[in-house]
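Below is one structure, written out as C-alpha cells, with a few remarks after it.
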Amino acid sequence: MAKQKSFYLDNAATTPVDPRVLQAMAPYFNEAFGNASSLHGKGNEAMVAVEASRAKIASFLGCSSENVYFTSGATESDNWAILGLTRAILRDNSGFKPHIIISAVEHEAVIEPVRRLVKDGLAESTYLKVDKNGLVSPEDLKKSIKANTVLVSVMLANNEIGSIQPLTKLAQVIAEANSSRKRRILFHTDATQAPAYVECNVKKLGVDLMSLSAHKIYGPKGVGALYVGSGIKLEPLVYGGGQQQGARSGTYNVAEIVGFGKAVEIVSDKKERSEDIKRIKELRDYLVKQVLVKVPRSSLNGSLKDRLPNNASFIFPGVEGESVVLMLSRHGICASTGSACSSGSLEPSHVLLAIGVPIEHAHGSLRLTLGRFTKKSDIEALLKHLPSTIEKLRQMSPLKN
Amino acid sequence: MYTEKVMDHFHNPRNQGVIKDADAVGQVGNPVCGDVMKLYLKINEGKIVDIKFETLGCGAAIATSSMLTEMAKGKTIEEALKIEKLDIAKELGGLPAPKLHCSILAHDALAAGIKNYKENNK
C-alpha cells in the first residue's frame, strides 16, 4: 500500500502504542519469553514482570494487586463482570431472577451480555435513560432499584460523545440502598475511555468492578483488566489451567501485560498527565469552534462540560456519516461515525438516539477524538477538507434542504 | 472493506447530477433509513439516452447509484428492466453483505423511474 500522510483523529477507536511502552515490551518477546507459570528462571523472570505490572495498575486504581485480574481486553472484562456475577448468584440461589440496571449509552460489550441473559430468561434488565448530554440521573437510578437488583453498570466515560457519568453520586445511591439489604448491589463501570483523562480511583468512585483496556491508553491491543473488589465472587468466564487464582485461566500474555503496566504508569504521571490534558483540550476546543463556524448547519453532540477533553462529536444534517469518513480518508484523515451504514446494522448509534438526536440526523454523525500524539496540523488538515466534503455530499443529495 | 471499483465509483461518480427536462424520475428510500436515491431519465424512442442520479447515503449507496447509471445508459427500457437486484453489486466486484441492500435500492430506483415514465406516457 502506498504510504500516505495520515492525520489520525480516531483515538477513541484505538491509540498508537507509545514508544516507551513498545520499548518496555520488547524484551518479553524473545529474551524474557518464559511462561510465567513455569518454576524455572525464565518463568520466574516473566512472573516478576507480570506482578510488577499488576502492582502499577493497582496503584493507579487505589487497590491491592490481588484485586486486579488481567483479561484479553475490556470486552472480556465487561462480559466477565456481568456474566460471572450473574452466574455466581444463580448457582447459589436457584429460582432467583437477578435484576441488572445499565445505562442506555453503554458499550455493546455491556449491553450484549445483559441482553443475552434476559433472552435466556436468566435475568431482567432496566436501561437508565440519559439527558441530552448523555448523563444518567441519580434519581432515576434510585427509582430503578428493585428487591432483586444485583448489579448496576454505568460507564465512566462514553466512547461516542465523551460524556463523563456522575459515578460518585450513583455510588451514593447504591450505598444507601445497600444499607438496608441483605445482598449488596454491586456497581460496575466500564472505564475503557477514561484512564488518560478521568480519576479512576475505585474507592473515590465507589465502584466494585471496573473494566480497563490497554489499547485506548497507548498500550497494545489484546490486553485489559478487571478490578474485582475484595470478597466479590465471580464465576470464571474462561476455564483452564487455573492461572490468576483460577479466576481467569490462560497463559499470561506477558509482553502485553508489561506494555499495559507501562501505559498505566505513564498516564499516572501527574505532570505529564495534566500537560497532556491541557494541550488536548485546547486543540479540541479549537477544533469544535472552527468546525461549527466553517460547516453550515453543523452541531455538537452533547455539552463541553462533563466531557472527555479529547472528544468531539458532530451532526451534519443532509449527509451520511460513512460517506464523510470515506471522503476524509482519501485526504489521509482518520475519523469515525455512528451512522447505521458504518455498523452493519440498520439502526444508527444507540448513543446518539438516546441523547435525542433525530434518527435522520444520527446518520450524519462524525466523531473526532484526539490523543497524546495529535498535532495542530492534524486539526488543520481536517479543517481544510471537512467543509468541502460536507458541501460536496450535500450537493449530491436529492434532499437539498 | 470495499472493492477498488466501489471506491472508484464513490470518489468519481458517473452521471451525478440533475436532468432538468427529464422524461421521468424515480425516487426510493427515505432519510430515516439513511439512504435516498433519485434517478432522472431521458428516454427517446424507448431507449434511455441519458440518466443522472442524486443520492444521500453511504459509500455503497453512491457507488451503486453511479454503477447503475452506467449499466442503464443506452439500454432500451426492456433491456434495463432485465437488470436484476444484485447485478449492480456484481458489476462492482461485490459488496459487503450488509450493503447488498444498496444494490437493491439502486435497482428499485430504476424500476420506479421506468414506472414513472410509463405512467407519463399512457
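The values are calculated or read from the model by the stated rules, or taken from the named source; none is laboratory data. Predicted, not measured: the structure shown is a model, and the values here were computed from it. For neighbour counting, all protein chains shown are included, and Cβ atoms are generated from backbone atoms with ideal geometry for every residue, glycine included.
Okay, here's what the table says:
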read-out: Residue that is farthest from the chain's Cα centre (by Cα) [pool: residues in the range A:64-108 that are among the hydroxyl-bearing types (S, T, Y) and part of a loop (DSSP other than H, G, I, E, B)]; value: A:S94
read-out: Residue in the range B:37-59 that is in contact (Cβ under 8 Å) with a residue 12 or more places away in the chain, out of contact with any Ser or Thr (no Cβ under 7 Å at 6 or more places or on another chain), assigned to a helix (DSSP H, G or I) and at the interface with chain A (Cβ under 9 Å from one of its Cβ atoms) present; value: no
read-out: For B:M71: the one exception among (1) facing another protein chain (nearest Cβ under 7 Å); (2) aliphatic (A, V, I, L, M); (3) within 12 Å of the chain's Cα centre (by Cα); value: (1)
read-out: Candidate set: the range A:362-401, residues that are within 14 Å of chain B (Cβ to nearest Cβ) and of a type in the set (G, A, S); chosen: the one nearest to A:V288 (Cα to Cα); value: A:S365
read-out: Members of the range B:9-29 that are more than 18 Å from B:A72 (Cα to Cα) and out of contact with any helix residue (DSSP H, G or I) (no Cβ under 8 Å at 6 or more places or on another chain); value: B:K20, B:D21
read-out: Tally of residues being buried (at least 22 other Cβ atoms within 10 Å of the Cβ) and polar (S, T, N, Q) across the range A:116-158; value: 2
read-out: Residue that is nearest to A:E347 (Cα to Cα) [pool: residues in the range B:77-99 that are part of a loop (DSSP other than H, G, I, E, B) and among the charged types (D, E, K, R)]; value: B:K85
read-out: So A:S211, is it among the hydroxyl-bearing types (S, T, Y) and surrounded by 22 or more Cβ atoms within 10 Å (Cβ to Cβ); value: yes
read-out: Check on A:N35, surrounded by fewer than 21 Cβ atoms within 10 Å (Cβ to Cβ) and touching a Phe, Trp or Tyr at 6+ places or on another chain (Cβ under 9 Å); value: yes
read-out: Selection from the range A:366-386 of residues that are surrounded by 17 or more Cβ atoms within 10 Å (Cβ to Cβ) and touching a residue at least 60 places away in the same chain (Cβ under 8 Å); value: A:R367, A:L368, A:T369, A:L370, A:G371, A:R372, A:T374, A:D378, A:I379, A:A381, A:L382, A:L386
read-out: Among (1) crowded, with 19+ Cβ neighbours inside 10 Å; (2) in contact with a strand residue (DSSP E or B) (Cβ under 6 Å, 6 or more places away or on another chain); (3) over 30 Å from A:E360 (Cα atoms), the one test that B:T76 misses; value: (1)
read-out: Some residue of the range A:335-356 being in the same structural domain as A:R307 (by TED's automatic domain parsing), closer than 23 Å to B:V28 by Cβ, touching a Pro at 6+ places or on another chain (Cβ under 6 Å) and buried (at least 20 other Cβ atoms within 10 Å of the Cβ); value: yes
read-out: Qualifying residue in the range B:20-28 (condition: under 17 Å from A:E320 (Cα atoms) and within 11 Å of chain A (Cβ to nearest Cβ)); value: yes
read-out: Verdict on B:M1 being under 15 Å from B:A60 (Cβ atoms), aliphatic (A, V, I, L, M), modelled with pLDDT under 95 and over 11 Å from the mean Cα position of the chain (by Cα); value: yes
read-out: Which listed residue is small (G, A, S), over 30 Å from A:G364 (Cβ atoms) and touching a residue at least 24 places away in the same chain (Cβ under 8 Å), from A:G162, A:G206; value: A:G206
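Each row is one residue, and each column tells you yes or no for (1) surrounded by fewer than 24 Cβ atoms within 10 Å (Cβ to Cβ); (2) within 22 Å of the chain's Cα centre (by Cα); (3) over 22 Å from A:P16 (Cα atoms).
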residue	(1), (2), (3)
A:A194	no, yes, no
A:K203	yes, yes, yes
A:V207	no, yes, yes
A:K233	yes, no, yes
A:G241	yes, no, yes
A:Q244	yes, no, yes
A:G250	yes, no, yes
A:N253	yes, yes, no
A:I257	no, yes, no
